[in-house]
Every structure is written in C-alpha cells, then in structure tokens.
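Novice: What follows is a structure written as structure tokens; I'll ask about it next.
We did not get these values from a lab; they are worked out from the coordinates using the rules stated. A quick note: this is a predicted structure, and the numbers were derived from the prediction, not measured. Neighbour counts are summed over all protein chains in view; Cβ atoms, including those assigned to glycine, are modelled from backbone coordinates with ideal geometry.
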Amino acid sequence: MPMKKSWLRDYIIKRLFYAVFIALGILTITFILVRIGPTSPADKYLANIAARGQDVSQVVAAIEARYGLDKPLYEQYINYVGNLVRGDWGWSFSTSMPVMELIKTHWIYSFQLIFLSSIFAAFLGILIGILSAVRQYSKTDYIATFFSFIGISIPNFWLGVMLILLFAVQLGVFKTYYDTSIPLFSLANLKQLILPVITLGTAMTAGYTRYTRSAMLDNLRKEFVRTARAKGLPERTVIGKHVFRNAILPLITIIMFDLGGIVFGGAYLTEIIFGIPGLGRISFNAIFADDYAVVVTVVLISAFLILMINLATDITYTYLDPRIRYD
Amino acid sequence: MTSYVSRSLTRYYWERARRNRLAVGGLAFILFLILLALIGPFFTVDPTAANFEEKNMPPLGFTIEESVYDLETQQFTTKSITGMRQHPLGTDNKGRDLLAMIISGARISLLVGLFATGIAVALGTLIGTVSAYLGGWTDQILMRFTDIMMTFPFFLLFVLIVFIFGPSLLIIVLVIGLTGWTGTARLIRSETLSLRTREFVMASKALGASDSRIILAHLVPNVISLIIVIATLSIPGVILAEAALSFIGLGDPSVTSWGMVLRAGQQNLDIAWWVAVAPGIMLFLTVLAFNFMGDGLRDAFDPRSAV
Amino acid sequence: MEKTILSVKNLKTYFFTKRGIVKAVDGVDFDLLKSECLCLVGESGCGKTVTALSILGLIDTPPGRIVDGEIYYDDINLLKCPREQVRHIRGKEIAMIFQDAQSALNPVFTIGDQIAEQIKLHLGANNREAKARTVSLLEEVGIPSPEEAADYYPHQLSGGMKQRAMIAMSLSCDPQILIADEPTTAVDVTIKAQILDIFQQLKETRQMSLLFITHELGVVSEIGDRMVVMYAGKLAETATVAELLNNPKHPYTAGLIRCLPDMTQVKDRLESIPGIVPSLIDPPGGCLFHPRCDKALAICSQEEPPPVTVDGEHTVYCHLYSH
C-alpha cells in the first residue's frame, strides 16, 4: 500500500500548471503552423466557394470578419485560444456542422478501437513478457522474443491490408469495411472490430512484451527475490507480487511514453484502412475537402489527450513508487 | 559468493553472437537494398510507364484466372494469365511493372531514411548537448520546448503539416526531420549531463577552452556511439512514416514509393493481390534489417543494455 | 546432551559452468544442536553461504545443483523430499536472513506488510492478528514506535533498523532454526554491537538454534557456542568456540587466529596467511590448503585428510593428526 505523501497534493498542482503551459505551447505551435502555411484556411475555403460558383468578394468579407483575419496577429491568437476554451472549435463546412458536433458523434469509434486494442495488447503483452522473463533462454523466450521483433517491425498499415486480403477477400470471414449500422454494444460489432484491433494491437503487444520482459529481468536478479523465496512464499507470489510490483514502475512510464507514436498514429491509419468513422478518418476526409478546422482540431484533441495521459502517468508513478520524493 | 562463471553468462555470450548474426544479416540486406536502389533503375523499365495491355499480371510462376469481358461473344469468360519474365513481379492495374516500382520505392525509402534521420539526429544532438552543457535557462527553455513537441502525436503532426504545406518529398523529409528530434535530444542530453562532470571536460575548461570547442571536440565524440545507435534505430520509423503518408495519399505524387504501391494494391486487393504484398514485404524486411542492425550496434557499444 | 536439530551429511553443491565444474561445497558434515549457536566460519568464497542456501534449497538451479549429501531436519531429508514440503519449512521452521538488509527487503512494500505476509501464509492469521504479531516482533527486536514503524518502507529506516526489521521478519513464525548470513558484516561497528546484542537476547528468550555465518572471529567469540571452519568448500576444523580459539589444531585455523591484531603486544607487521585461495574449478590435489601450509607433509598433496577427533568434540581435518 503506497504511503501517504503530504507533498503529493502540491506536486499535482504544480504539474497541472505545467500541463496548462504545455497546452498553450501546443496551441501556439499549431496556430503558427496554420498561419505561416502557403494557403490559409480562408484560401481553402475560398477555393471551395469559387468552385461552387458563389460570389467571392462577399464571402471574403464574411470570412475575414468571421476568422478575424483582418485583425492583428496577436489578437487573432487571443481569439483563437479564447474560442477553443469556450468550446467553439470552428465550423466544418465539408459536413456543414460545428466541429464540436462532428467530434461528438465520431469520437466513440476511435475510443472503442483504441481502448480494445490497448486492453488486448496490455494483457497479452505483459503476460508473455512475464513468461518470457521467468523462462529466460527457454524455447518460450526465444519464440516470444522473435515474435515481438516481428510485431514491432511489421508496418501496421500493411498488416491491416494483409488481414483484409486474407480474411475478408480470400476467406470471406469478415467484411472488408466497417458497418456503422451495427449497434455499438453488440457481439457483431465486436466481431467486425477483430481485424482492426489485431492490426492496431500487434505493434503495441510486441512493444509491451519487450518492455515487460526487460523490466522483469532487471528485477528478477535482485536480492529481495531470494528473501521472498526464503520466506517460503510460493513461486507465483514471488513473481506475481514481489517482482512484478517492482517491474511495473518503469513499465508504466515506457508504455505511456509510446502512446504518442504508436497508438494515435496507428489508430489513424487503422481507421482509414478499415473505414472506421473515428476521429482519424474524419480528419483524413477533411484533408481532401480542405476542411481546415476539422484537421487542426483533431490534432489538438489528440495532443491534449496525450498531455492528460502523461500527467496521469506521472502522478500514478509518483504515487506507486514509495521512494520518490519531490519537495 | 564463490567465484564462478555461471552458465547464464555463457548464454549471454551466445546471445550476443546470435544477435550479431542477425545484425550482420540486417547489414547484408541493407547493402543489397542500396545496390538495388543504385543500379536497379538501369535494368528495369520506367516504373511509371503504364501499359494497359499488360495490366494485372501476376508474378513470374503464378497463374490466375481472370474474368474478362469478351467483346465478340458479349459475355464474361475466364482467361488464364500467367506471369511473364518481362514482369517478374507482375504488374498493377495500370500495367506498371511491379519490380520497377519496388526498386524506385527502395530509392525513395533510403533517401528519406537517410536525410530525414540525418536532420532529426543532428538537430537532436545539437539541442541535447547544448542544453545539457549550458544548463540553466537555456536548458530549461529547450527542455520545455522539447516537452511541448513530444506531446504531439507524431503522425498526426506529419499529416497536418503536409496538409498545410503540400505533399512534396522535400516537405516530407523536412517535417519528419524537424519533428523527430525530440527523443534523440532527451537521450543525448542525459548522456551529456553525465559526461559533463567528468574530469576531461573540467580539464579542458581549466585549460581555457571555449564552450563551443568543448562541445564539438570533446562531448560530441563521446556520444558518437550513442548517436549511431539512435540513428540506426530511428531509420525504420522514418521509412514507415513516409510509407504511411504515401499510403494514405499524402505522399509525393511525382515519385513512386512503396507506400504508393501499397495504396494501389489495396484498391485492387481482389484481383491483384501481389501488388499489395510486395511493397509490404520490402518494408517489413527493411525495418527488420535496421532494427537488427541497431540492436547489434547497441549491444556492441554497451553490453549492459540488453532487452 | 542437547538434541540434534539439523544434520548435514556429506553435502556437495557444484556449479556447472562453461569453464568447468565449480565445487563450491565439497563434502561438508556438521550437526546443529537445539538452542545452540553454531558459527560457520571462513574466508569469502569458502562455501559457507552456498552451504546455507543448500539447506533451504535456494540454490539457483541452472548453474548450481546439489549433487550429493543428506540434510536431515527433524528426520526429514530436505534434499529428498518434495519441493512443496521444503517450501513449507522455509520461513516457518527454518528461516534465513541475509547480509545486506537494504537490498534484501522489497522496496515497494512496507516492512509491516512484508512481515505480515509470512505470518498470514504460514500461520493462517488474518490481517488483524498478523498486524498485532508484527508489532510485537518489531518491539522484540528493539525498534522504537513499532506501530508506526510497521508502516514504514525500507528506505525510510536506518541501516540498523533495517537489519532489525529483517530479523523480526525471520522470527515471525517462531522458527526452530535461524540461519544468519553475515548479518554484521556490512554494518558499522556500533550497529554491529547492537545486532549482536539482539542475537544474544534471542538466544536467551527463544529456544532457537542459530546457524551464524561470518568471517569475523571476534563475532564468533561473542556469540558462538560451537564453530565450524571451512576452507575452499571443505571442512577444516570443528570445535566449541572456546576450545578452538584457544587451541587451534588446523594450520589454517591457527593462521586465521594469528592474523587477528593483538592489542596487547607491540609488533611491526600484521600477520597474514601467504598465498591465495585455490581455484574451485581446478583444485590442487589432496588437502586443499597444502600449497599455503607451512607444516605440509608429503602426504598432504596426495590424499585428502580424514576427520580426526582430537579431543571430545574437537575434530580436525589434517594429516598432522591422522596417525
């Protein structure tokens, strides 16, 4: 049981402030990127309007007013941040609804994919990692290490395509695209999520296996393991409680650290391949419709999510490791 | 404890030897790839040359049944198409030779891998060493900036920037390079921090060497081995990133890269599966090769770091 | 005559490595009597720790293996009985404490948890009972404010406290035998004295046998009843502490005692035993000590010395006494 740390509350508050600082940094960078681009949101919008044959000059005026493009840069920035905070995330003209609305209807698809994949990967990966470490140099270990190497190296988008090729096209077991008419909390939905979860989860599992194995091996060598055995504890308690509880500390940080790279990028691609209408896919569609607001917002949302997860991980780690102390 | 060489130590050396075999294999593959990229184009046709007569041909040695609409009989008949030596890997639905496309893809991947990684590692090393060495406010600011950059999901950032600035190979290389330095910066920084307090640095300072001289002449050479390992292990991610971008359609349309081929392949999965299989295998093998080599290098430079 | 509670006969524990077979323990016999403190003495690497680990079956089995011998605890041969049975004995009947308390304790659990864990496992106690017993154990070893101390993590305790906590942990199920592997070696002098006091106290209050491993003769003289001297995996000499320290028969033991600085005399140089410990993979023939022995006979390089009972309980393994 972790100890009561009186300084933990202050630490959390400090970290929260820091998180806000990072959030502002993210917003600033995104803002700069958008503004220094060769084409501005207005231009893209304009191109669309012109294509539809409407009167350009009127629309230009409206846009300038709407986006505040006639105002000085810093004022634009303040409006931008202010809008975001107030919940006005812009208008998606490719779908004719506020971006917020779009997000609300589609986030669940991304969430279910990422959530299921993470659970699958965590369970499988950690289990294999522990087994691999406890039976180091055995056949189990070699096979597990071999597969984890493959899992990390296989391009996940290709894996998705191959799975579709094999199971949907050749064998016909699954459909080649995601059917949104199926209710979310049904077995049929779970079935059609199998291939996407495998696609996204494979690289994650491989990573977790490697890290768990490494963390377990580090701790299996330690003295307290011998003490635990000398106390007459059954081996499964020695490994599962004493060793694992120590191994989990670096594991948490490493796992969360990987989130930005593998999970979000992978989910983006997986959604596109399988036609799952999550945030990744709608952002992708928005690109080809030149719908700036959606593209930018999805990037911001993922960045903020990562920020929050990092924060949570930091605090969890501090809470779990009794030796840490910041004050 | 009694002094003995445990059997697990023996296994450890065996592991290293085995790893090195894989690392050597990886190196061999990469050299092969480089060779392919350099001289391949002289032996194959233009990868962009469309030839509708010969579309959807399977690789050499394969035969597929294709359903063809015969204009004369006004019906669908099945026709057997066998792979030709002219197109050893087959063709896609526009009749482009797959082998040529794969070779072109090899060039692109290696180029992007080289340059983007180069930029990322160089930038990361610079920021890492300067930050660690100068410390104080410089360190704080640089590290905060690194923290901010690291919070972005990398791939989405790529997509955003390509969206804003346009899908050209230059942009792709730049964006991957200019966003991928964060991990390197952190690692190099911590390594430099531990080096900074070593005697030879203090000796240099005592002799009056300037900061930049110390950084360039003393610190950087000591982190070279770390840099090499980081670079080798970063290349696969870079190659995959470019491939992923091309795959979803945000790649440079004027070049043929593996991602682009995969994209074409996915669209015709039912009638020409080989178009999707070939680039994937190449990507997979390339990534595997760099991973093996990177692991082998890491073991060679620091036997303590084993996974 | 006290009852024999542990009997080690001809124990041989070897480690199978690529470079050869390391004979860490090669034919060791001794008995541990009830309520006595038997000291296992020798230089580092002589096999004393391996002997202790062999008793509890804690040898890492891929490289190591107990190849021969019998260890009788209460009529049970520990080397022949099923692992589950040995596991039940570990911690409950025979407990062991290790040299470095900081690394021997699990850093992520409180010491109270670690002690209670054993109580719950072996004695079937519930949380409340286990906690109560933990507190009384901590008190017994002299840890102040035992109720609060139980909620501390190992890194929050000082070196001496950690050591006491480990002792408390080992006592938690009232073991018959406590094996202590160099508990005073890694601590400084003041704490060493405290720890020895605790052991003295335990000897008096509990009817517990103590197998005390150390290389420090001073500690042996304070706390030991009988002692066994080991050299390079084999026995050199066995006797009561008083007898052996006053009347060492084996040249090695004599040498060890001579090495102790004598505060009452003025000397220019400290004594030492010339030479180094032999390789356990490629030992010299005959008596393992003969290359360093100034009294070596011809037979010493050819035959291993048999045990000779010199005087009551005093046994020597040396050719000087074998005829």
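Novice: How crowded by other chains is C:98-109, given as the mean number of beta carbons from other chains within 10 Å of each beta carbon?
Specialist: Rounded to a whole number, the mean comes out at 6.
Novice: OK, next. Compute the distance in nm between two label points, each set 7 Å from the Cα along the Cα-to-Cβ direction, one at A:Ala289 and one at C:Met263.
Specialist: Reported label-point gap for A:Ala289 and C:Met263 is 9.2 nm.
Novice: Figure the gain on full extension for A:Glu235 and A:Leu24 (residue separation times 0.36 nm, minus the Cα-Cα span) and round it to one decimal in nm.
Specialist: Net length gain for the segment: 71.0 nm.
Novice: Hey, in the GNM for chain B with a 10 angstrom Cα cutoff, which one of B:Val121, B:Val229, B:Val201 fluctuates hardest?
Specialist: B:Val201
Novice: A further question on this structure: Filter the cross-link list A:Lys139/A:Lys191; C:Lys3/C:Lys234; C:Lys131/C:Lys203; A:Lys241/C:Lys162 down to pairs whose alpha-carbon distance in this structure exceeds 31 Å.
Specialist: The pairs that break the limit, which is 31 Å between Cα atoms, are A:Lys139/A:Lys191.
Novice: So, one more: Quick one: net charge of A:Ile182's neighbours, Cβ under 11 Å, K/R +1, D/E -1?
Specialist: +1
Novice: If the cut-off is a Cα-Cα distance under 22 Å, which lysines reach C:Lys80, setting aside same-chain residues fewer than 8 apart in sequence?
Specialist: In chain and number order, the partners are A:Lys231, C:Lys9, C:Lys12, C:Lys23, C:Lys48, C:Lys92.
Novice: Cut-off is 10 Å between beta-carbons; in what order do A:Lys14, C:Lys23, A:Lys139 appear when sorted fewest neighbours first?
Specialist: Going from least to most buried by this count: A:Lys139, A:Lys14, C:Lys23.
Novice: Return the loop-located trypsin sites (Lys or Arg not before Pro) in segment C:252-286 (DSSP other than H, G, I, E, B) with at most 12 other Cβ atoms within 10 Å of their own Cβ; answer none if there are none.
Specialist: C:Lys267, C:Arg269
Novice: Let me ask another. Hey, quick one: spin label on C:Glu2, modelled 7 Å out along Cα-Cβ, who in segment C:152-181 has an amide N within reach, i.e. under 16 Å?
Specialist: Under cut-off, by backbone N: C:175-180.
Novice: Helix-only estimate, please: 222 nm mean residue ellipticity of chain A, summing -39500 (n - 2.57) across DSSP H runs of length 4 or more and dividing by its residues, to the nearest 500.
Specialist: After summing the helix terms and dividing by the residues of chain A, the value is -24000 deg cm²/dmol.
Novice: Next question. Treat each spin label as a single point 7 Å out from the Cα along the C-beta direction, and report the C:Glu204 to B:Ser194 distance in nm.
Specialist: Result: 5.1 nm between the two label points.
Novice: Restricting to DSSP H runs of at least four residues, report the calculated mean residue ellipticity at 222 nm for chain B, -39500 (n - 2.57) per run over all residues, nearest 500 deg cm²/dmol.
Specialist: The helix-only estimate for chain B comes to -22500 deg cm²/dmol at 222 nm.
Novice: So what is the 222 nm mean residue ellipticity for chain C from helices alone, if each DSSP H run of at least 4 adds -39500 (n - 2.57) and you divide by all residues, rounding to the nearest 500 deg cm²/dmol?
Specialist: -9000 deg cm²/dmol
Novice: Give the order of C:Arg83, C:Arg19, A:Arg210 when sorted by the count of other beta carbons within 10 angstrom, beginning with the fewest.
Specialist: C:Arg83, C:Arg19, A:Arg210
Novice: To the nearest 10 degrees, how steeply does helix C:159-171 sit against the main Cα axis of chain C, on a 0 to 90 scale?
Specialist: 90
Novice: A:Phe147 versus B:Ser225, label points 7 Å from Cα toward the beta carbon: distance in nm?
Specialist: In this crude label model, A:Phe147 to B:Ser225 measures out at 3.5 nm.
Novice: Count charges around C:Gly275 for me, please; just the other residues with Cβ under 15 Å from its Cβ, Lys/Arg as +1, Asp/Glu as -1.
Specialist: 0
Novice: Pick out which of B:Val261, B:Val223, B:Val287 has the largest mean-square fluctuation in a Gaussian network model of chain B, springs linking Cα atoms closer than 10 Å.
Specialist: B:Val223
Novice: Given R₀ = 41 Å, FRET efficiency for C:Tyr321-A:Thr253 by Cβ-Cβ distance, to 0.05?
Specialist: 0.05
Novice: Within segment C:161-182, list the residues whose amide N lies under 13 Å from a label point set 7 Å along Cα→Cβ of C:Glu139.
Specialist: Under 13 Å, as judged by backbone N against the label point of C:Glu139, lies no residue of segment C:161-182.
Novice: Would you kindly compute the Cα radius of gyration of segment C:102-174 and its largest Cα-Cα separation (Dmax), both in Å?
Specialist: When restricted to Cα atoms, segment C:102-174 yields Rg and Dmax of 10.8, 31 Å.
Novice: Just order A:132-138, C:113-119 by mean Cβ neighbour count inside 10 Å, highest at the front, would you?
Specialist: C:113-119, A:132-138
Novice: Just tell me which lysines come within less than 28 Å, Cα to Cα, of B:Lys79; anything on the same chain fewer than 8 places away is out.
Specialist: The reachable lysines, counting only those whose Cα sits under 28 Å from B:Lys79, are A:Lys175, B:Lys55, B:Lys94.
Novice: One-quarter of the Cα convex hull surface for the protein assembly as shown, in nm²?
Specialist: Mean projected area of the Cα convex hull: 53.6 nm².
Novice: Based on the Cβ-Cβ distance from B:Leu285 to C:Val189, what FRET efficiency comes out when R0 is 41 Å, to the nearest 0.05?
Specialist: The value I calculate is 0.05.
Novice: So if each residue of separation counts as 0.36 nm, and I subtract the Cα-Cα distance between C:Arg128 and C:Asp68, what length gain in nm does that give?
Specialist: 17.2 nm
Novice: Can you work out the FRET efficiency for the pair A:Ser186 and C:Lys80, with r the C-beta to C-beta distance and R0 = 60 Å, to the nearest 0.05?
Specialist: Plugging the Cβ-Cβ distance into 1/(1 + (r/R0)^6) gives 0.55.
Novice: How crowded by other chains is C:276-287, given as the mean number of beta carbons from other chains within 10 Å of each beta carbon?
Specialist: The shielding value for this peptide is 1.
Novice: Averaged over its residues, how many other protein chain Cβ atoms are within 10 Å of peptide A:269-282's Cβ atoms?
Specialist: Mean number of neighbouring Cβ atoms from other chains: 1.
Novice: Here's another thing I want to ask about it. Lys and Arg at +1, Asp and Glu at -1: add these up for the other residues within a Cβ distance under 15 Å of B:Arg263 and post the number.
Specialist: Summing Lys/Arg as +1 and Asp/Glu as -1 gives -1.
Novice: Please state the shape class of chain A: rounded when a/c is under 1.5, otherwise prolate if a/b exceeds b/c and oblate if not, all from the C-alpha gyration tensor.
Specialist: Oblate shape, in that a/c is at least 1.5 and b/c is the bigger or equal ratio.
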